[in-house]
2 protein chains.
Amino acid sequence: MSKPVDNAVSTVRVRTYIQNHRAAFLDDLAEWLRIPSVSAQPDHAADVRRSADWLAAKLRETGFPAVEVWATDGAPAVFAHWPSEDPDAPTVLVYGHHDVQPAGREDGWDTEPFEPVIRGNRLHARGAADDKGQVFFHTLGVRAHLAATGRTAPAVHLKLLVEGEEESGSPHFRDLVEARAERLAADAVIVSDTGMWSEDTPTVCTGMRGLAECEIELYGPDQDIHSGSFGGAVPNPATAVARLVAALHDEHARVAVPGFYEGITELTDRERELFAELPFDESQWLRTARSTALHGEAGHTTLERVWARPTAEVNGIGGGYQGPGSKTIIPSSAMVKLSFRLVAGQEPDLVEKAVRAWVAEQVPAGIRHEITFGAATRPCLTPLEHPALQSVVRAMSRAFEQPVHFPREGGSGPAADLQEVLGAPVLFLGISVPSDGWHAPNEKVEIDLLLKGVETAAHLWGDLAESWREAH
Amino acid sequence: MSKPVDNAVSTVRVRTYIQNHRAAFLDDLAEWLRIPSVSAQPDHAADVRRSADWLAAKLRETGFPAVEVWATDGAPAVFAHWPSEDPDAPTVLVYGHHDVQPAGREDGWDTEPFEPVIRGNRLHARGAADDKGQVFFHTLGVRAHLAATGRTAPAVHLKLLVEGEEESGSPHFRDLVEARAERLAADAVIVSDTGMWSEDTPTVCTGMRGLAECEIELYGPDQDIHSGSFGGAVPNPATAVARLVAALHDEHARVAVPGFYEGITELTDRERELFAELPFDESQWLRTARSTALHGEAGHTTLERVWARPTAEVNGIGGGYQGPGSKTIIPSSAMVKLSFRLVAGQEPDLVEKAVRAWVAEQVPAGIRHEITFGAATRPCLTPLEHPALQSVVRAMSRAFEQPVHFPREGGSGPAADLQEVLGAPVLFLGISVPSDGWHAPNEKVEIDLLLKGVETAAHLWGDLAESWREAH
């Protein structure tokens, strides 16, 4: 409706507002962090529900006119909607989660995981970064947006969906999104459940890899047989599973399943340049990977390999005798669990089909096989030139007063379901850093970065509304 | 001393003696079989000792002038010695074992495993064939030998060594043999712990394969890491173990470890012919192997592969997540247990050295490895033309009134320790058949064959003494 105020003025207003409300914001977040909403532990089911109720109440207090707790067959999600006064404004859906990983003092925490403490610039508690802190910055963010612009409603139709089962693999999320697709309808999805490169390097993630998983069982003799009496003369399923896995990659460490790379969106030169601009420190990366050497697809850098190239990894392999000492058998069966990370352009169904055909061809005579695929997660990727991505970048640059870089995420997440069901691009706005200790003891969030997240959100809605108006 | 009596007369005398003592012989064996001498079960330690004492008493009763129960760090062995009256006679050591595999009615036995029953021509009980029956035929055998020849002592210096831990892997056997090497000294070793091809086809085994076993651990990241964050960019030890195993055989199913085949004694054309003469039924063999296809070293028949060719088999493989569902990790380690069957001419030490060198060369950068080898068992092989083997063949042919064939045994056994420590050739005299159900429910021995074993032993000592005299 109204032309946004001058950027410099707006920045001062946002920062002043945040400064004035910082203490209350941190107090509120600490209150939420005290609720041990561990979705993986049935004991904490009531806490997860309490966490949803607490958040719903806080969102109402923030000003969201419509706030609902949505039951699922598992833990509840929270949905909130604050329409813009401009009916033509774009609709934005923010995604996060209010459940947390398990945590106990005995795991190596210096303090009680559900008793938040501030030490220096850090707020320590389970969920401080993953994901309560990153959900919660949107509450102060939207208030700062209103205060700085003099609005009574956000510049965009703002929706929040905060699920309660992300740490348990989001088993009911897809169903929920499909059932509520109309309520969730949006022009863009903002995921606040990732991080940035480092304290010094603000980044906006532009995509996540997808995931297809299978288990392959190979059956040989119909019981374990004596390796002396029969060894050397019948097929051994443990050898067969090993040969199958060995054939999975060629000599360039490329996946050797025919058709696997078909249709993938290759990195552009510009994207490769942008990856290369990141301050990548190989020895630091190897420390994080707890590994001593790099190994991957020829012709690609490490960052390209983990962010933009599909993979085939063995997650587990087993067969025969694994106890102490020896047992002279040819085992009757062996199995391998494989996971394939997928990139934009790969269809999980086609990957499954290609893998099934390849396995059937590899398995030798005398060995019977079975393959089971689990539910797949699609990859998601937002083009660099997407206007909504540019808005996130501008908002973040203003908050951080630094240029923003463009990494991706090697993992896979429910964001892909939102992209697919809602047909909206997915953007990532996260301020967590690698040292935050997700899923680890002494999880923390950097308070300065958390407030930069508030500030980014405060700038984002006006920018998005503006660029949307220009484009339509 | 005295020239053996005419063969036909001797055969009649032996058979008459056996016929007259058959009932008492079977009663005695049944009494021994009632002792549940299960060496693998600590509960039965007293029974194993009782079994040794029972046998020692029976051997004294048989006429052995020197019988001793030898303690070990585990279960006791029984040693007996009956010197010939001819000081120049050869010394023969008979090997067997008095311990048995575990057995319980609940495993599928039709009757109590330690309550022997005779059904038709079969004596059912745990240990009937493996190995009490085959040890025990030597008692009646030596008596029949004396009765038929009018001797008061055997034609050879006859020694028996009956160990009590064979079914537990003979953990103290090598030490025992080394410590008692002087008492055990022999010109030939007769092992009565194997079998023959079938009821219709008497055979003398001419060799056993040796065994070298190792476990290879491969270490990657120093803990399991996320396959999304790191997949595609670091070495995966489960993939590495699979590639190692896949590289173990070439496209002809030959072991690809350099030097593995070095020095092996190749089959002669005559030996291949003799194997080929055996009535081998492929589909029957596959049923026994519980397999649906043959697979092995190119250029060799199934019998050659299991009896006369060295092998590398995976006994167990493992790494990463093997539970239900999926876990998106790159595992920190993986392992494989390999066993190598060895044939004459292969030195276990050299095989170990070759495998270690090969593994070190195969393991990729970023993966650390450890190999542990267990104690090896040497192969043993008696040349077809060995005079003692010819004696066994003649004795067996007389008992069975049929030509004798020459198989080998694919498995490995403590016989090789006797061969190595005592420096004596090892010969195999066994009358068990594949249907006897070693280690399985309803183990039995064919009574007719058991008595053929008695008869063979009764003929053997005179023949051996004779051919020894001729050769020296």
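Worth a mention:
- Some residue of region A:161-174 being surrounded by fewer than 17 Cβ atoms within 10 Å (Cβ to Cβ), touching a residue at least 60 places away in the same chain (Cβ under 8 Å) and outside any loop (DSSP other than H, G, I, E, B): no
- Total residues in region A:121-158 satisfying the condition of being buried (at least 23 other Cβ atoms within 10 Å of the Cβ), more than 18 Å from A:ARG22 (Cβ to Cβ) and touching a Phe, Trp or Tyr at 6+ places or on another chain (Cβ under 7 Å): the figure is 6.
- Residues that are at pLDDT 95 or above and under 22 Å from the mean Cα position of the chain (by Cα) occur at least once in region A:460-470.
- If you go through region A:407-436 and keep only what is closer than 16 Å to A:VAL204 by Cβ, among the hydrophobic types (A, V, I, L, M, F, W, C) and part of a loop (DSSP other than H, G, I, E, B), you end up with A:LEU429, A:ILE431, A:VAL433.
- The residue of region B:89-114 that is nearest to B:SER168 (Cα to Cα), among those that are of a type in the set (D, E, K, R) and either surrounded by 14 or more Cβ atoms within 10 Å (Cβ to Cβ) or outside the structural domain of B:PHE428 (by TED's automatic domain parsing) (or both), is B:ASP99.
- Filter result (assigned to a helix (DSSP H, G or I), out of contact with any strand residue (DSSP E or B) (no Cβ under 8 Å at 6 or more places or on another chain) and either surrounded by 12 or more Cβ atoms within 10 Å (Cβ to Cβ) or touching a residue at least 60 places away in the same chain (Cβ under 8 Å) (or both)) within region B:249-286: B:ARG270, B:GLU271, B:ARG272, B:PHE275, B:GLN284, B:TRP285, B:LEU286
- Residue selected from region A:212-229 under the condition touching a Gly at 6+ places or on another chain (Cβ under 8 Å) and at the interface with chain B (Cβ under 7 Å from one of its Cβ atoms), by the criterion nearest to A:ALA395 (Cα to Cα): A:GLU213
- Condition met for A:ASP224 (touching a Pro at 6+ places or on another chain (Cβ under 8 Å) and either over 25 Å from A:SER467 (Cβ atoms) or not basic (Lys, Arg) (or both)): yes
- Applying the set (1) part of a helix (DSSP H, G or I); (2) acidic (Asp, Glu); (3) without any contact (Cβ under 8 Å) to a residue 60 or more places away in the chain; (4) surrounded by 13 or more Cβ atoms within 10 Å (Cβ to Cβ) to B:ASP28 leaves exactly one unmet item: (3).
- Hits in region A:290-330 (condition: at the interface with chain B (Cβ under 7 Å from one of its Cβ atoms), of a type outside the set (Ser, Thr, Tyr) and outside any strand (DSSP E or B)): A:ARG290, A:ALA293, A:LEU294, A:HIS295, A:GLY296, A:GLU297, A:ARG305, A:VAL306, A:ARG309, A:GLN322, A:LYS327
- Search result, residues across region B:185-198 that are outside any strand (DSSP E or B) and farther than 20 Å from B:HIS138 by Cα: B:TRP197
- Residue match in region B:358-372 (condition: free of Cβ contacts under 8 Å to residues at least 24 places away in the same chain and either within 14 Å of chain A (Cβ to nearest Cβ) or at negative phi (or both)): yes
- When B:VAL117 is tested against (1) in contact with a Ser or Thr (Cβ under 6 Å, 6 or more places away or on another chain); (2) surrounded by fewer than 23 Cβ atoms within 10 Å (Cβ to Cβ); (3) touching a residue at least 40 places away in the same chain (Cβ under 8 Å), just one condition goes unmet, and that condition is (3).
The values are calculated or read from the model by the stated rules, or taken from the named source; none is laboratory data. Since we're looking at a predicted model, the values are computed, not measured. We place every Cβ from the backbone using ideal geometry, glycine too, and count neighbours over all the protein chains shown.
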